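Here is the structure we will look at.
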Amino acid sequence: MKLDRLVSILVLLLRKEKVQAKELAELFEVSVRTIYRDIEAINLAGIPIVTYQGVNGGIGIAEGYRLDKSVLTEDEMSTIVSTLSGIAPTMPDKKYEIIMKKIRNTIPSKQLENMDSKVKQLIIDFFPWGSGKLLKESISIIKKAIEKHNLIQFNYIDFSANKTVRTVEPYSLVLKGQNWYLRAWCQIRQDLRIFKLSRIKDLTALQDKFEPRKIEFDHINFDTEWKYTGKTVTLQLLFDGEIENIAFEYFGDSLEKQNDGKLLLKTVMPEGYWLYGFILSFGTGVEVIDPPHIRMAIADISKKIYKKYSSEGP
């Protein structure tokens, strides 16, 4: 937006003695002519702009104009830059890189080294371990579609391994835990839905536009919405004390410590192949106490696994 660009240019000029129009044009990905029009708009707003001619010339603000540094402390600046450093690689444009540059330009050069040292104390990486190029491409496509109000289409595999083709109006990208989600209006369900990005395949941004709906964002509770994606079951799982650290990693304060050192979990989860695989991932460190049909399903799968691996290979 032009207003964002004008503010960004102003912040740069307030801290730099002079900047060349070509440098600004490359930074904001516009023409030099557009930069000169922006400079004129800033000048008309009452901020004195000076143009320096010659090889070492450029654009600057008249002596005496300075930005008040007391708005944010150095520690606050460091925290903002650390957060933006984590967000920037996930976004399809240079918006967050520009914001970081704006912030850095508000800090005197003598303090930059100290701030950079503090930034390195907190490193944020929003991508889970092992995530590849596909996840970043999906985030990029969705982000652009949200900004331009384009419909997107994809194949989706739910908890129960059901495959559907969805056409949705994208509204929000959500990072919860170590997973990325898309919150969108689904044309099939005619309602807001949350889609896990790792289950989205063949993602495409369509040329068709949509008119954004007036949606109350608290319509979906991120802590409970996953329960309504299909059939759910109330579980009681008993974890051995030997895998306490792993159990706490998943369930935290929901675990109840027993007298014998074991950990009891009472929870609701979506029933299906995902649930069976999740329980089996704890090996012999967990036991299904209730309900009986889940306990039997795990026992049956375990027998089949034993049969497959105990028999002689081809």
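Bear in mind that the values in this text are calculations on the coordinates, not laboratory data. All figures in this text were calculated on a predicted structure; none of them were measured in a lab. Ideal geometry is used to build each Cβ from the backbone, glycine not excepted, and the neighbour counts take in all protein chains shown.
So the values come out like this:
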item: Extension reserve of the L44-T204 stretch, reckoned as 0.36 nm per residue once the Cα distance is removed; result: 53.2 nm
item: Estimated vicinal HN-Hα couplings, Hz - region 246-259 in sequence order (Karplus 6.51, -1.76, 1.60; Gly, Pro = x); result: 6, 4, 5, 4, 8, 10, x, 6, 6, 7, 10, 6, 9, 4
item: Extended-chain gain in nm, criterion 0.36 nm per residue less alpha-carbon gap, D4 and T267; result: 90.0 nm
item: Neighbourhood charge, 14 Å Cβ-Cβ cut-off, centred on R295 and excluding it, Lys, Arg +1 and Asp, Glu -1; result: -3
item: Long pairs among K143/K209; K262/K303; K101/K143; K22/K120; K143/K163; K120/K196, criterion Cα-Cα beyond 20 Å; result: K262/K303; K101/K143; K22/K120; K143/K163; K120/K196
item: Whole-Å semi-axes of region 2-61's equivalent ellipsoid (Cα gyration tensor); result: 15, 14, 10
item: Net +/- balance of residues flanking G241 in space, Cβ distance below 12 Å, scoring K and R +1, D and E -1; result: -2
item: Distance from region 272-297 to region 29-47 (C-alpha centre basis), Å; result: 64
item: Extension gain (nm, one decimal) between D300 and V174, 0.36 nm per residue minus Cα-Cα; result: 41.7 nm
item: Cα-only Debye scattering, region 232-310: base-10 log of I(q)/I(0) at q = 0.19, 0.22 Å⁻¹; result: -0.82, -1.05
item: Sequence of W185, W274, W180 once ranked by neighbouring C-beta atoms within 10 Å, starting from the fewest; result: W274, W185, W180
